[in-house]
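Before any comments, here is the structure.
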Amino acid sequence: QVQLVESGGGLVQAGGSLRLSCTASGMLFSLSVAGWYRQAPGKQRELVASITRGGTTNFPDSVQGRFAIARDNVKNTLYLQMSSLKPDDTGVYYCNTVPPIPGGHWGQGTQVTVSS
């Protein structure tokens with residue numbers, strides 16, 4: 001059974017930084033394209049960072065240069081380093097594969113709130 005557990009969110013002022021972590025059981029991040037998704041209030045969930053099996057990373061323009069994604073294959077943990085945070089980065093952050101694991105396997109997410 002797949003379990004995803006996100007952590008590290010919080011309240012931060014604009015311009016600040018946060019590091020999110022995601023641990024997985026029942027699946028291996030190293031065998032998939034892994035990613036971080038964000039769901040802002042009233043909006044659909046969107047992909048904000050991804051990392052391929054080979055370590056290639058990809059980001060949308062909205063976070064390019066501010067977010068970094070990394071993976072620890074030994075710990076089977078995914079990280080998202082966020083810096084220069086903006087109020088628009090507010091939302092619940094989730095980890096998953098890209099595309100998401102079939103069957104609706106999502107963790108509880110971790111809330112990030114950026115105050116202006």
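The values are calculated or read from the model by the stated rules, or taken from the named source; none is laboratory data. Since the model is a prediction, treat every value here as computed from it, not as a measurement. Glycine also receives a Cβ, built like all others from the backbone with ideal geometry; neighbour counts cover every protein chain displayed. The protein model used for the area step is the full one, side chains on, heavy atoms only, and it has no ligands, DNA or RNA in it. Shrake-Rupley method; radii C 1.70, N 1.55, O 1.52, S 1.80 Å.
Brief remarks on what is shown
- Choice from V12, V74, V98 with maximal GNM fluctuation in the chain (Cα, 10 Å cutoff): V74
- Net charge dipole size for the range 1-85 [Lys, Arg +1 and Asp, Glu -1 on Cβ; Debye, nearest 20]: 20 debye
- Ranking T52, V92, P41 by Cα position along the charge dipole of the chain, where only Lys, Arg, Asp and Glu carry charges on their C-beta atoms, puts T52 farthest toward the positive end.
- Taking the 1.4 Å solvent-accessible surface of the chain as the whole, the part contributed by carbon and sulfur is 49%.
- Residue-level accessible surface for T52, protein heavy atoms, 1.4 Å, Å²: 50 Å²
- Net +/- balance of residues flanking T113 in space, Cβ distance below 14 Å, scoring K and R +1, D and E -1: 0
- Rh by Kirkwood over Cα pairs, then Stokes-Einstein D for the chain at 0.692 mPa s and 37 °C, µm²/s: 235 µm²/s
- Chain lengthening between R53 and K86 when straightened (0.36 nm per residue, less Cα-Cα): 8.9 nm
- Charge sum, other residues only, whose C-beta stays under 13 Å from G55's C-beta, Lys/Arg counted +1 and Asp/Glu -1: +1
- Of the whole protein surface, I101 contributes about 30 Å² of accessible area at a 1.4 Å probe radius.
- Each Lys and Arg adds +1 at its Cβ and each Asp and Glu adds -1 at its Cβ; summed about the Cα centre, the range 39-95 shows a dipole of about 160 debye.
- Proximal charge balance of V92 [Cβ under 11 Å; K/R count +1, D/E count -1]: +2
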